[in-house]
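The values are calculated or read from the model by the stated rules, or taken from the named source; none is laboratory data. These numbers come from a predicted model, not from an experiment. Every residue, glycine as well, gets a Cβ built from its backbone with ideal geometry; the counts of neighbours run over all protein chains shown.
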């Protein structure tokens, strides 16, 4: 009988750096909370990029409606449609083997009520093959979350700054500042937990409040501009990798400068073509 020591078993179960090859599930996410394990999440919008992140060991990939800003050229997330989310979610699923793929429900796809939410969430699960869906809102979205979970669809909630409400906010302000706002955010977080969400994104929330929410919940919190105490951290991949043009939010740390590198590569290619250096003999057929 082969002996497996506890440290090895722990390593196999780890979300990031784990040795398991099967698809990560919401049960794995819940177990990580019990181990006090922190874990990363990134957005992805196509099969090739998703494959890179999957092979890098990123355990959760979000096909976010942030595609509106950084992939489709919209000014906000509001115009993103179900067709766009479904198409890109399917591509991300095809590009991955291990990561849990979460598909965003875009603005207008669940606000009418639980039945509309179930119809569109079902489409993402059946057509795109996602393992879970995400929707914005706390208490106001609890009924939608409850029906989806009862129907067998795992739900990641999203409270704090909810970008689909940009027109109501008049921008992207930090949420939860002041006693009344903080108490509302706590109520929102507990409401989505009680409704059955398996995790909740906290966006643009004071670090102290995010820490309190994380301690108060038995489901994992995922921070974006919410300080270091959340269970997981998520970034839009184009921000993380330095592809975004212009100013990036204060909470973003850039781990590469891909926009500069890609521009340099394009210019080098163009100069070789103009100067006659490409294609050379080794690139030609006879």
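Kindly list the number of the only condition in (1) assigned by TED's automatic domain parsing to the domain that holds residue 205; (2) surrounded by 10 or more Cβ atoms within 10 Å (Cβ to Cβ) that fails for residue 250.
(2)
Of the residues that make up the range 201-223, is at least one closer than 19 Å to residue 173 by Cβ, in a loop (DSSP other than H, G, I, E, B) and out of contact with any strand residue (DSSP E or B) (no Cβ under 9 Å at 6 or more places or on another chain)?
Checked against the condition, which is being closer than 19 Å to residue 173 by Cβ, in a loop (DSSP other than H, G, I, E, B) and out of contact with any strand residue (DSSP E or B) (no Cβ under 9 Å at 6 or more places or on another chain), the range 201-223 yields at least one hit.
Could you list all residues from the range 175-221 that are free of Cβ contacts under 8 Å to residues at least 40 places away in the same chain and within 20 Å of residue 132 (Cα to Cα)?
The answer is 190, 193, 217, 221.
Please return the ranges of helices (runs of 4 or more DSSP H) entirely within the range 89-191 where 2 or more residues are at pLDDT 95 or above, surrounded by fewer than 23 Cβ atoms within 10 Å (Cβ to Cβ) and touching a helix residue (DSSP H, G or I) at 6+ places or on another chain (Cβ under 7 Å).
Details: elements: 114-123, 142-150, 166-169.
Ranges flagged: 114-123, 142-150.
Return the residues of the range 231-247 that are under 18 Å from residue 47 (Cα atoms) and free of Cβ contacts under 8 Å to residues at least 24 places away in the same chain; say none if nothing qualifies.
Across the range 231-247, the qualifying residue is only 241.
Criterion first (assigned to a loop (DSSP other than H, G, I, E, B) and either touching a strand residue (DSSP E or B) at 6+ places or on another chain (Cβ under 8 Å) or surrounded by 10 or more Cβ atoms within 10 Å (Cβ to Cβ) (or both)) does residue 234 satisfy it?
Working: assigned to a loop (DSSP other than H, G, I, E, B): no; either touching a strand residue (DSSP E or B) at 6+ places or on another chain (Cβ under 8 Å) or surrounded by 10 or more Cβ atoms within 10 Å (Cβ to Cβ) (or both): yes.
Here the answer is no, as residue 234 does not meet what is asked.
If you scan the range 17-33, which residues turn out to be modelled with pLDDT of 95 or more and under 22 Å from residue 229 (Cβ atoms)?
Result: 26, 28, 29, 30, 31, 32, 33.
I need every pair where a residue in the range 19-43 that is touching a residue at least 24 places away in the same chain (Cβ under 8 Å) has its Cβ under 7 Å from the Cβ of a residue that is part of a helix (DSSP H, G or I) and surrounded by 14 or more Cβ atoms within 10 Å (Cβ to Cβ), sequence separation at least 6 or different chains.
From the range 19-43, the pairs are 39/32; 42/53; 42/237; 42/240; 43/237.
Inside the range 72-88, can you point out the residues that are surrounded by fewer than 22 Cβ atoms within 10 Å (Cβ to Cβ) and outside any helix (DSSP H, G or I)? Explain how you work it out, then say what you get.
Keep residues of the range 72-88 that are surrounded by fewer than 22 Cβ atoms within 10 Å (Cβ to Cβ), which gives 72-76, 78-79, 81-84, 86-87.
Matches in the range 72-88: 72, 73, 74, 75, 76, 78, 79, 81.
Scan the range 251-286 for residues that are in contact (Cβ under 8 Å) with a residue 12 or more places away in the chain and either assigned to a helix (DSSP H, G or I) or farther than 23 Å from residue 58 by Cβ (or both) and jot them down.
Of the range 251-286, the ones in contact (Cβ under 8 Å) with a residue 12 or more places away in the chain are 251-260, 262.
Hits for the range 251-286 are 258, 259, 260, 262.
Matching residues to (1) closer than 19 Å to residue 86 by Cβ; (2) assigned by TED's automatic domain parsing to the domain that holds residue 214; (3) out of contact with any strand residue (DSSP E or B) (no Cβ under 9 Å at 6 or more places or on another chain):
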residue: 110; (1), (2), (3): yes, yes, no
residue: 114; (1), (2), (3): no, yes, yes
residue: 128; (1), (2), (3): yes, yes, no
residue: 145; (1), (2), (3): no, yes, no
residue: 150; (1), (2), (3): no, yes, yes
residue: 163; (1), (2), (3): no, yes, no
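Given the criteria assigned by TED's automatic domain parsing to the domain that holds residue 198, in contact (Cβ under 8 Å) with a residue 24 or more places away in the chain and within 16 Å of residue 199 (Cα to Cα), does residue 105 qualify?
On the way: assigned by TED's automatic domain parsing to the domain that holds residue 198: yes; in contact (Cβ under 8 Å) with a residue 24 or more places away in the chain: yes; within 16 Å of residue 199 (Cα to Cα): yes.
So residue 105 passes the test.
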